[in-house]
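*Asks:* Just passing along the structure, written as structure tokens.
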Amino acid sequence: MAFARRSVRSVLLSTAFNLRGNQRTSGERSRKEGGKVFGEGSRTPIAITLLVKNPDAPGACDIRCYDIGDYLTQEAKLAAIEGFGSVEDVPWEQITPNEAGDWINQRSEAFAVFAPLGEKRDATAKPVFDNHSIGVITNRDVWTYNFSRAELIENMRRTADFYNQQVARFSELVTNRKATRTPAAVDSLASILGKLPNGEMERSSSLDR
């Protein structure tokens, strides 16, 4: 992303008119974002961006931004746009990106000296955690997690029974080599369908433990 921003800076004059309106926030932050620019049809921030290409311009391009401000209603935001009338009348703020290509919300360089949480590529690094894992994963959570022990056991039995039916069906239809996958019966069996050709059955005898 930083490389892309630097590339853009080499040939473009960039101006961004930030109208706010981010409703994916909450509390005071949400109130500051103000009204939704396009009414109920928008929840994310809205900005008007103008990019003017000039390959012959010397040096990096100019980057300018205007922030509409806090707590404004949709009507106030639209009235502000109409009031300016022209991009030449907008009181643009000149932005100087940092070395990483950050424009407005520029990162703190202090983060570069923090110990990484994890690191796989740099053998000399001293991360906080040595092990890397995606954690507990089933690929079929809707069937293997439940607040009710009885319903969980029933779901697992249905899953095992359905799979075993497919093993039997596969044995009978070896020339077709296709198993029925019914979403209503089980949502995902991708990781265990590989056992079908070997006729391996899933056991559910331990479910009552």
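*Asks:* How much net charge surrounds Pro91 when only the other residues with a Cβ under 12 Å from the Cβ of Pro91 are counted, with Lys and Arg +1 and Asp and Glu -1? Could the numbers behind the result be given before it?
*Replies:* Values: positive: Arg64; negative: Asp67, Glu88, Asp89, Glu93.
That works out to -3.
*Asks:* While we're on this one: When ranked by the protection proxy of mean other Cβ atoms within 10 Å per residue, highest first, what sequence do the peptides 43-54, 116-127 form? Working shown, then result.
*Replies:* Values: 43-54: 12.8, 116-127: 9.7.
Result, highest mean Cβ count within 10 Å first: 43-54, 116-127.
*Asks:* Using a Förster distance of 22 angstrom, determine the FRET efficiency expected from the C-beta separation of Lys120 and Glu99, and round it to 0.05. All intermediate terms of the calculation are to be shown ahead of the outcome.
*Replies:* Values: r = 25 Å, r/R0 = 1.15.
According to the calculation, E is roughly 0.30.
*Asks:* Let me ask something additional. Using the alpha carbons of the range 2-105, what is the convex hull volume per residue in cubic angstrom, as a whole number?
*Replies:* Convex hull volume per residue, Cα atoms: 119 Å³.
*Asks:* Something else about it: I need to check one value: relative contact order of the range 2-105, counting alpha carbon pairs closer than 8 Å and at least 6 residues apart, in percent.
*Replies:* Values: 168 pairs, mean separation 35.6, N = 104.
That works out to 34 percent.
*Asks:* Note down the net charge around Gly35, summing +1 for each Lys or Arg and -1 for each Asp or Glu among other residues with Cβ under 13 Å from its Cβ. Mind dumping the intermediate values first?
*Replies:* Values: positive: Arg20, Arg31, Lys32, Lys36, Arg43, Lys77; negative: Glu33, Glu40, Asp70, Glu75.
Charge balance near Gly35 sits at +2.
*Asks:* Please list, or write none, the aspartates and glutamates whose alpha carbon is within less than 12 Å of the alpha carbon of Lys53, excluding same-chain residues fewer than 8 places away.
*Replies:* Correct list for Lys53: Asp62.
*Asks:* Non-local amide H neighbours of Ala47 (under 5 Å, H modeled in plane, Pro and chain starts lacking H): which ones?
*Replies:* HN-HN under 5 Å from Ala47: Leu19.
Bear in mind these aren't lab numbers, they're just calculated from the coordinates by the rules spelled out. Since this is a predicted model, take the numbers as computed values, not measurements. FYI the Cβ positions are ideal-geometry reconstructions off the backbone, even for glycines, and counts take in every protein chain you see.
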